[in-house]
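The values are calculated or read from the model by the stated rules, or taken from the named source; none is laboratory data. The structure presented is a predicted model; accordingly, all values stated were derived computationally and were not measured. Neighbour counts run over all protein chains shown; Cβ positions are idealised from the backbone, glycine included.
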Amino acid sequence: MNLNNWLNRLCENEKIAFEERLRILASASGVGYQIANNLHSESRLSESAFDDIMQGILQSSTNPEEIKNAYIEKCRRHILQGGAIPKPWASCYGRAVTDERFYETMVKLNYFRSERHARHSFQRLLSKPSNVARRRLQNKDLGCFVMWATFNPDDLTGHPFTELPSDADGIRARLGLSPNERGKNLLLFVYELPDIVEPLFPTIADAQEHSLFRPAQPGEKWGLTMPWPEIDKEVPRPEVVHKPITGAYLAEPIKVAKAREI
């Protein structure tokens, strides 16, 4: 399903109302502009999912913040629906996540009573071999709802962070992670996917309000990152989403990428 097909189903008044809200959203902020652009590019969601998200925009007020919030609320209902990327799949995946945000997630999942407790526990794991981390984290998901991952496009059995910088902001910039977290350390997880978990194309529903996202175009092998504007000549990296997995599938010790200038 795509936006043009969906718009053709509307009566003229509905079409005018929707396009007005899209213009308001796009002119309100950089995030709103990217959301509006992505709506024109998305093609992998089912008809029912796409309709539900678009109806959220159509039925909202003309306040830009309320339009965005209605869009995000609807997107959350349709995560992980982009379909599996074509095989062969990579055997090794990497997730880079800001340490503070990861510890918040661990508390949200009720694994730890506080972010301080989570940080302390993971700091102790950083010096441990992967088999120790796997054992201690075998019942703990490494993400909440959706996990984003990259891999090595030139060697599907190779290391997922090959040819990326070693510093946090260099990695963050090339993977299109939030610039708002610039200057913070990243945790790096390298893992395999269990047979029952498929690597999927990311969609607008998975990205929601993330401003550095663009849907994969028809014919692409996988999703592609959207690097920060200051390095937009860098070759985009592969990106996929998948259901959260536990630490039982870690292939390497957890590492920390320190922050410094790009």
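The table below lists the values:
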{"item": "Hits in segment 134-155 (condition: part of a loop (DSSP other than H, G, I, E, B) and surrounded by 15 or more Cβ atoms within 10 Å (Cβ to Cβ))", "result": "L137, K140, L142, G143, V146, F151, N152, P153"}
{"item": "Index of the failed condition, E181 passing every other in (1) touching a Gly at 6+ places or on another chain (Cβ under 9 Å); (2) under 30 Å from K128 (Cβ atoms)", "result": "(1)"}
{"item": "Residue within segment 177-195 that is within 27 Å of R214 (Cα to Cα), in the same structural domain as W222 (by TED's automatic domain parsing), at pLDDT 95 or above and of a type in the set (V, I, T) present", "result": "yes"}
{"item": "Count of segment 165-183 residues which are assigned to a loop (DSSP other than H, G, I, E, B), under 18 Å from the mean Cα position of the chain (by Cα) and on the phi < 0 side of the Ramachandran plot", "result": "3"}
{"item": "Test result for I16, crowded, with 18+ Cβ neighbours inside 10 Å and modelled with pLDDT of 95 or more", "result": "no"}
